[in-house]
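Student: Could you have a look at this structure, given as structure tokens, before my questions?
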Amino acid sequence: MKFLKWNRQKFTFMVIPDANSQVVRFRLSSGWLFGALIAVAIVTISAAVALVLYGDRKTEVARLKHQLADATGKYEQIISDKDRHIGDLQTEVADLSDQAKSIQDKMADIGKLETQLKQIAGLEKPSSGSAGSGEGTAAESEGYAMDGGTGGEELPVTDGEIADMVEETRQNFADLGQWIEEMKPRLEETKDAVLKQQKKLMATPTIWPVDSRKITSTFGVRKDPFTHRARFHAGIDISGDTGDPVYATADGVVSHTGRDGDHGNNILVSHGNGLTTHYSHLSKILVKPGAKVRKGEIIGEMGSTGRSTGPHLHYEVYVKGTHVDPKPYLQTDRKDD
């Protein structure tokens, strides 16, 4: 009841603009006044809430901006690291490409050495343009050297160029793998062939039988030093001093030692493959029949026993029982063989 009475009350408001103006009066009921106060309160509260919310939003926006800046910096660092890593990978690809080309050059050199080894061992004849003819490596044949000064403008590498290099390097390494697999049995065959050739060479009388190089009588028809008649000389005579060492000219087995009126103290060595060497007029025999001798091994000493005019070695070579000229067999010194 009191509220209804208060709600029916009127309130008069006077507005006095200045001293010379009329006073303006207006009356409001207590309901309208109360409504206006509530409206002002609502507006004030709303404004306050808006200010608080705006402040929170501003803080949140600032925080989000800060997080975004941090994230951007991190992403930029990640991108920078990725770019650097990609650059390192590109450099590694370039290095691998160079390594592949270098290995190819070395494999080519190995192929040349294999050919040269066959040629040295007499398994293959040299030919123009062959691997052993002194041609340069693959890189050199393309017109550039493997070392020296370099330079030029530094330009970025494109993805396409790297892709092409990766494919080329992959193919190069694939070719190398196939090349190595093909070369392994070839090298084994070459090794076996060289060992056989080496064994054959060691059993071939290619070295001088004495240190002296003075040949006093050659192979073939000559005037006999005692009868002065034309006679066949079955070997060569190499002069020297009594006691000079006499060497086996190839690997073999001593098939005979003894003394007779023509050859004096003499030794026969069988080398296999129908090859036999004969050493005569020795002052001493240092081996026994059946003994295995090595190429360059001392088997006796020079002398003048038997039918001889002075210290020398009479040296003969038989091929399947037939005398042949020993001179073509005298190719190397002991230290060179």
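Student: Which net charge results for the neighbourhood of THR91, defined as the other residues with beta-carbon distances under 11 angstrom from its beta-carbon, given Lys and Arg at +1 and Asp and Glu at -1? Mind showing how you got there, number by number?
Tutor: Values: positive: ARG84; negative: ASP88, GLU92, ASP95, ASP98.
Residues close to THR91 contribute a combined charge of -3.
Student: Compute the signed sum of charges (Lys and Arg +1, Asp and Glu -1) over the other residues within less than 14 Å, Cβ to Cβ, of ASP224.
Tutor: +3
Student: May I pose another question? Just list whichever of LYS106/LYS184; LYS214/LYS327; LYS200/LYS284; LYS112/LYS191; LYS199/LYS327; LYS223/LYS288 have alpha carbons separated by over 24 Å in the model shown. Each step should come with its number before you reach the end.
Tutor: Working: LYS106/LYS184 15 Å; LYS214/LYS327 12 Å; LYS200/LYS284 29 Å; LYS112/LYS191 15 Å; LYS199/LYS327 22 Å; LYS223/LYS288 34 Å.
The pairs that break the limit, which is 24 Å between Cα atoms, are LYS200/LYS284; LYS223/LYS288.
Student: Shifting gears a bit: Which shape class applies to segment 220-266: rounded if a/c is under 1.5, otherwise prolate when a/b exceeds b/c and oblate if not, where a ≥ b ≥ c are the square roots of the Cα gyration tensor eigenvalues?
Tutor: Values: a/c = 1.88, a/b = 1.76, b/c = 1.07.
In terms of gyration-tensor shape, prolate.
Student: If packing is taken as the average number of other Cβ atoms within 10 Å across a peptide's residues, how do 211-219, 163-171 rank, most packed first?
Tutor: Working: 211-219: 15.0, 163-171: 13.3.
Ranked by mean Cβ neighbours within 10 Å, highest first: 211-219, 163-171.
Student: Among HIS256, GLY321, SER217, whose Cα lies farthest out toward the positive end of the dipole of segment 215-329, if unit charges sit on the beta carbon of Lys, Arg (+1) and Asp, Glu (-1)?
Tutor: GLY321
Student: Now a separate question. Given 0.36 nm per residue, what is the gain on full extension from ASP192 to LEU113 after removing their alpha carbon distance, in nm? Numbers along the way, then the final one.
Tutor: Working: separation 79, 0.36 × 79 = 28.44 nm, distance 1.56 nm.
The span from ASP192 to LEU113 would gain 26.9 nm if fully extended.
Student: What shape does segment 280-337 have by the C-alpha gyration tensor, where a ≥ b ≥ c are the square roots of the eigenvalues, rounded means a/c under 1.5, and otherwise prolate means a/b greater than b/c and oblate the rest? Please report the intermediate quantities before stating the final value.
Tutor: Working: a/c = 1.37, a/b = 1.15, b/c = 1.19.
Rounded, because the longest to shortest axis ratio a/c is under 1.5.
Student: Then there is this: Between LYS199 and ASP164, how high is the FRET efficiency from 1/(1 + (r/R0)^6) when r is the Cβ-Cβ distance and R₀ = 35 Å? Nearest 0.05. Present the calculation step by step, with values, prior to reporting the outcome.
Tutor: Numbers: r = 51 Å, r/R0 = 1.46.
Result of the calculation: an efficiency of 0.10.
Student: FRET efficiency for HIS228 and ASP260, Cβ-Cβ distance as r, R0 = 22 Å, nearest 0.05? Mind showing how you got there, number by number?
Tutor: Working: r = 23 Å, r/R0 = 1.04.
FRET efficiency, HIS228 to ASP260: 0.45.
Student: Near LEU64, within a Cβ-to-Cβ distance under 14 Å, what is the net charge of the other residues, with Lys and Arg +1 and Asp and Glu -1?
Tutor: Details: positive: ARG57, LYS58, ARG63, LYS65; negative: ASP56, GLU60, ASP70.
That sum, taken over residues with Cβ under 14 Å, equals +1.
Since every read-out is calculated from the coordinates, none of them should be taken as a lab result. Computed from a predicted structure; not experimentally measured. Reconstructed Cβ throughout: ideal geometry from the backbone, glycine too, with neighbour counts over all protein chains shown.
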